[in-house]
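K.L.:
I have a structure here, written as structure tokens, and I will follow up with some questions on it.
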Amino acid sequence: MELNQRCIEILQALRESDDYIRTTELADSYGLTDRAIRYSIDKIEQFLVKNGFDYLEREHNKGIKLKPSAGLEEFIDSFVGSHTPYKYFFSNEERFVYLTIRLLLAESPVNSDELRSKLYISKNTVLKTLATAEKWLRERNLILVKKRKIGTWVTGKEMDRRRAATDLILQVITVKDLLNYLDKQMVQSKLVNLLFEELFSRIELWLLDEVICQAENELGRKFSDKAYCQMVIYLAIVLRRAAHDIDSLDLHVDNMKNSIEFSVAKQMVDRLQQELGISIAPGETDHIMFYLLGADVIKSERSKIPRSPRQILARQDRLYQVAAAMTDEMEKLCGMEFGKEKKRVVEDLTLHLRSAVYRVKYGIAQVNPAYDEVRNKYNEMFQRTKQAARYLEEYIKEKVDGHELSYLTMHFVAGMERAKQIIHTKTRVVVVCGTGIGTASVLAHRLRNEFNVKIVDTVSCRGLNAVPNDKYDLIISTVDLPGYEQSRYLKVQPFLSEEDYRRLQQRLNRRFPSSYQLELSLVNKLIGIVEKYAAITDRQQLQYEMMYEIKRHNERRMERRYVYMLSDLLTRETIKLNVTCADWKEAIAAGTAPLEEKKWVSIGYKEAIINNFVTFGPYMVVAPGIVLAHARPECGVKKLAMSLVTLANPVNFGHELNDPVKLVVTLAATDNETHLKALSQLMEVFMNQEDLNTIINATSKDEVIEVIKKHSK
């Protein structure tokens, strides 16, 4: 007996859970009856037993869970990754991504029969996907050439080709995907597996890993996991395209020939040529040097960086002065001093600016995954950082975008929390972070300020093996750490969610930082009042819960201050194009699906919207061809969010004037205010017929995003 897609998803859910799962919860999650979910569970159990593993553990009133068995996780990985019995149907977006990357990396024309067999699609579907790719490539100065009996290929500048391939790959592949593939040569996503096969089929991954690790040692830095993965992908593309010359950069590279980064880049190229017996164009060294300059670091061992006094004066001191000026400005704007921490704040900021300068100056995009959280929780600090960043903008003669500003904000937040630190005997903790030194610093210093911990080290997950086991008591990580016992590590969000605080409280002794002294004084007064009229069984726990509620209140107040633009809510993740729906209920489900996947709304939100239509009629069909689907915040909204879905075939909602509907916009509002600016901008789009037609007829998300950006002022 084999497993269908639903059974595989349930098996994965059981594997990822450390506790029992109730069958009623599974039934609700998948929209199944109790009988249907029990049938799926029976199939899973028979499948496991057939393959030599134990029956599921069952406990009354708790549910079911996988029984730990030697080799079980490896078996599930292998089965899901490569031996699933059903044919996987790639989405339009997945077909476009694979086909475009295949063409960008190809050394010779690609035959349509190869694409059909790889993606399980018809000749007509290949042609439609090629048309989408052709438009996308043209926007990046690349031309798609098609000739009968020969095949299809891409022409244009080599640098444009590589930039397009890198951007597209990084839109799809996550840090976790690449680290899993480096470890197991397999990931669960069919698309990502195909892309990795395309990238690494002729390349020894161990060699790329060694080359990058050697570069880290030479530079005296430890790259973040994200920067490491970007470097692996870029080097793979370099090797795939080694036969094609690439121009040297006309970016004053000659002035950098004596830099440590150029020297290390040259060593990397020499090593790859020697090991692989190939010739790499001289211009590649320039480009690799700029990747090294722009790479985020998790740690810098400054003493290991060999620099002459002249290099330090030319490259380090001016940047150090910029960082010092920004830090002075932040002290004035915030009305406080960093004290003994100031030197470290300036040094850490200088380290970050060193790579940020090249990213900003030469247009290397940098996305901060914690951007929304920074804007919500530290919006005032963000605005002050924006003012202080004028020193950096004057230095590089370029504007600094919001994502770079959010990284700078995190540095200042970390410095201020360190400045308010109270010294205690602490549990020894290693912080593991996959994104960069800014995120790691914020997490480390929040832990210091709110718990009795001593941060032994901040490392990437690759660097964890180098930390001796007897040097720490607990690992706190923002990424999964396969192979580590649950008793030795705890996975948390970078900004510590409510659930993270609860689990940390169980493992660590809680304390309050000096920044909370006013709130703590208030809490103690309130507890004194409570004690007059009631017996308190656990004073410390009551104190903690009151402090936590005050903290949450202040965070929500800060969140309400942030004005959301349309581009904040409608992103690549929440846009779906040319979705096929049989009726209006399926169209509503298609609109809520992206929000459900992100856990921003519950499944009940979809039902609430449908019930509103049934009860009140099609009032949400706000204009010809457009429905603005929504329900009350209390009907399952967990976070302010919005999705946009265009329909392949128009659907009737029952509106006398505005049917049929071609565009479904779903709004999930958390209150009566925070969404108003974005909603106003959406109405502007609806009233601009040209922009509205562009969205309705769009074949790529980029077209939609351009319209959204235009109205997000």
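Throughout, read-outs are computed from the coordinates displayed, never taken from laboratory work. All values derive from a computational prediction rather than experimental measurement. For neighbour counting, all protein chains shown are included, and Cβ atoms are generated from backbone atoms with ideal geometry for every residue, glycine included.
K.L.:
Check which residues have an amide H placed less than 5 Å from Val579's amide H, if you skip close sequence neighbours.
P.N.:
When sequence neighbours closer than 5 places are left aside, the close amide H contacts are Thr646, Leu647, Ala648.
K.L.:
Considering only DSSP states other than H, G, I, E and B, which GluC sites (Glu not before Pro) in segment 606-713 qualify as loop sites with at most 12 other Cβ atoms within 10 Å?
P.N.:
Here the GluC sites (Glu not before Pro) that fit, given the DSSP loop and packing criteria, are Glu656, Glu673.
K.L.:
In addition: Per the Kirkwood formula on distinct C-alpha pairs, the Rh of segment 566-711 is how many angstrom?
P.N.:
15.0
K.L.:
Further question on the same structure: In the structure shown, do any of Lys576/Lys709; Lys662/Lys701; Lys65/Lys639 have a Cα-Cα gap over 23 Å, and if so which?
P.N.:
Lys65/Lys639
K.L.:
Please check which bits of segment 631-654 a label hung off Thr580 would reach, taking the label as a point 7 Å along Cα-to-C-beta and the cut-off as backbone N under 16 Å.
P.N.:
Only 646-651 fall inside the zone, counting backbone N under 16 Å.
K.L.:
Next up: Can you list which of the trypsin sites (Lys or Arg not before Pro) found in segment 574-606 are DSSP loop residues with at most 16 other C-beta atoms within 10 Å?
P.N.:
Sparse-neighbourhood loop trypsin sites (Lys or Arg not before Pro): Lys598, Lys599.
K.L.:
Provide the net charge surrounding Leu569, with neighbours chosen by a C-beta distance below 11 Å and charges set as Lys +1, Arg +1, Asp -1, Glu -1.
P.N.:
Neighbour charge sum, excluding Leu569 itself: -1.
K.L.:
Around Val661, which amide H atoms from residues at least 5 apart in sequence, or from another chain, sit under 5 Å from its own amide H, with H modelled in the peptide plane?
P.N.:
Val651, Asn652, Phe653
K.L.:
Now, a different point. Can you work out the Karplus-derived ³J(HN,Hα) for every residue in segment 90-98? Use 6.51 cos²θ - 1.76 cosθ + 1.60 with θ = phi - 60°, whole Hz, and x for glycine or proline.
P.N.:
6, 6, 4, 5, 5, 4, 4, 4, 5
K.L.:
So who's got an amide H within less than 5 Å of the one on Lys454, skipping anything under 5 residues away but keeping other chains? H placed 1.01 Å off N, in plane.
P.N.:
Residues meeting the amide H criterion: Thr427, Arg428, Val429.
K.L.:
For segment 580-589, in order, what is each residue's ³J(HN,Hα) by Karplus, 6.51 cos²θ - 1.76 cosθ + 1.60 with θ = phi - 60°, in whole Hz (x at glycine and Pro)?
P.N.:
Ordered by residue, 3J(HN,Hα) equals 8, 10, 7, 8, 5, 5, 5, 5, 4, 4 Hz.
K.L.:
Here's another thing I want to ask about it. Report the extension gain between Ala648 and Gln46 in nm, rounded to one decimal, defined as 0.36 nm multiplied by the number of residues separating them, less their alpha carbon distance.
P.N.:
Using 0.36 nm per residue and subtracting the Cα-Cα distance, I get 212.7 nm.
K.L.:
What is the packing order of peptides 399-409, 469-479, taking the mean over residues of other C-beta atoms within 10 Å and listing the highest first?
P.N.:
Descending mean neighbour count gives 399-409, 469-479.
K.L.:
I want to make sure I understand the PRE zone here: with the label point 7 angstrom from the Cα of Val563 toward its beta carbon, which residues in segment 679-713 have backbone N atoms less than 15 Å away?
P.N.:
Zone members listed by number: 679-682, 711-713.
K.L.:
Then there is this: Could you calculate the FRET efficiency of Ile529 with Leu333 from 1/(1 + (r/R0)^6), where r is the beta carbon distance between them and R0 is 30 Å, rounded to 0.05?
P.N.:
In this case the efficiency is close to 0.20.
K.L.:
I'd like the Karplus ³J(HN,Hα) series for segment 642-655: coefficients 6.51, -1.76, 1.60, θ = phi - 60°, whole numbers in Hz, and an x wherever there's a Gly or Pro.
P.N.:
8, 10, 9, 10, 9, 9, 5, 10, x, 10, 7, 9, x, 8
K.L.:
Please give the length that would be gained between Ser279 and Met687 if that part of the chain were fully extended, namely 0.36 nm times their separation in residues minus their C-alpha to C-alpha distance (nm, one decimal).
P.N.:
The span from Ser279 to Met687 would gain 141.2 nm if fully extended.
K.L.:
Let me ask something additional. Of Lys118/Lys176; Lys176/Lys599; Lys340/Lys397; Lys222/Lys399; Lys340/Lys491; Lys128/Lys176, which ones are farther than 26 Å apart at the Cα?
P.N.:
Lys340/Lys397; Lys222/Lys399; Lys340/Lys491; Lys128/Lys176
K.L.:
Quick one: work out the % antiparallel among DSSP beta bridges in segment 566-711, nearest 5.
P.N.:
So the antiparallel bridges in segment 566-711 amount to around 55 percent.
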